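The values are calculated or read from the model by the stated rules, or taken from the named source; none is laboratory data. This is a predicted model, so every value here is computed, not measured. For neighbour counting, all protein chains shown are included, and Cβ atoms are generated from backbone atoms with ideal geometry for every residue, glycine included.
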Amino acid sequence: MYMDSTAKNIKCIIQPYEDKIRQLEEIIKQKDFEIIVLKQKLNNNNSNQNTNFFNMKMFGDINNNINQQMNKEIKLIVKSKNNKLDIVSCLENDKISILENKLNLIEKGYLIHDYRVLSSELTLKEAGIRNGFIINIKPNVINIIFANTTGYISNYFLDEDCPVNMTIAFYSIENNIINRVYDKNVVSFLFNACKLRIYDDTPIKNIFEYRPNPRIIVNDNDNLIGG
């Protein structure tokens with residue numbers, strides 16, 4: 001049961017990236033076709049006195065179409081700390097900071113999606129946010145620091161309610177060690193000399209208590225690093 005739950009959660013993380021890639025591929029195919037058509041029309045009208053005007057109009061129309069398709073309006077469901085729901089309209093290429101300004105988040109907390117804090121410098125599209133997604137406003141987050149056997153250190157700002165298994169899954173996916181963690185079981189995660197279970201759904205706030213920057217030691221092939 002734990003395996004099924006974790007596998008579903010991992011699939012949910014990966015799915016938006018796969019959908020985004022397919023969407024961009026379709027847009028690129030369509031734009032390639034429009035460019036071919038445009039070039040043909042330009043070649044057929046080189047001797048026309050109105051060619052320059054025609055070119056500008058055609059390029060303008062195509063650019064407008066591209067901008068409209070690449071920067072669609074989306075509606076997000078924002079869930080605040082008191083469970084109040086609001087519908088907020090944005091453009092895909094708006095930065096997260098624009099959404100923060102719309103919500104007046106100076107004193108309210110952090111924007112969270114799938115347990116992860118949304119970076120203010122990313123656009124909604126870059127953060128994988130799509131139409132209809134739920135964005136949570138949370139007052140507290142935990143900065144998880146991973147230290148692996150090669151000396152590489154990475155950190156993740158996560159919702160304090162994020163389960164341990166999802167925290168490990170985020171790290172495993174982004175560092176391409178999923179098979180070593182879940183199939184071969186040769187990678188372990190330690191905190192305060194205690195091994196974290198990869199299928200544990202305990203919220204990280206219960207594991208790390210009041211530590212704002214806990215460090216997890218990633219032990220690969222029995223080589224420890226961290227502190």
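Looking at the stretch 128-146, which of its residues are crowded, with 18+ Cβ neighbours inside 10 Å and of a type outside the set (V, I, T)? Hits for the stretch 128-146 are G128, N136, K138, F146.
Kindly indicate whether any position in the stretch 138-145 is closer than 27 Å to K195 by Cβ and of a type outside the set (A, V, I, L, M). Looking for residues that are closer than 27 Å to K195 by Cβ and of a type outside the set (A, V, I, L, M), one finds at least one in the stretch 138-145, hence yes. Selection of first residues in the stretch 1-30 that are of a type in the set (V, I, T) and of second residues that are in a helix (DSSP H, G or I) and at pLDDT below 70, restricted to Cβ pairs under 7 Å at least 6 apart or on distinct chains, gives the following pairs, ordered by first then second residue: I27/Q69; I27/M70.
Listed here are the residues, each with its yes/no results for (1) among the acidic types (D, E); (2) more than 30 Å from K72 (Cβ to Cβ); (3) assigned by TED's automatic domain parsing to the domain that holds N82.
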site: E126; (1), (2), (3): yes, no, yes
site: F146; (1), (2), (3): no, yes, no
site: T150; (1), (2), (3): no, yes, no
site: L158; (1), (2), (3): no, no, no
site: V164; (1), (2), (3): no, yes, no
site: V187; (1), (2), (3): no, yes, no
site: A193; (1), (2), (3): no, yes, no
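If you check I144, I153, I177, I135 for being closer than 28 Å to N71 by Cα and among the hydrophobic types (A, V, I, L, M, F, W, C), only one passes: I135.
Considered as a group, the residues in the stretch 73-100 that are part of a strand (DSSP E or B) and of a type outside the set (A, V, I, L, M) include one that is nearest to the chain's Cα centre (by Cα), and that residue is K95. Within the stretch 212-222, none of the residues are in contact (Cβ under 8 Å) with a residue 60 or more places away in the chain, crowded, with 16+ Cβ neighbours inside 10 Å, within 27 Å of I137 (Cα to Cα) and in contact with a Lys or Arg (Cβ under 8 Å, 6 or more places away or on another chain).
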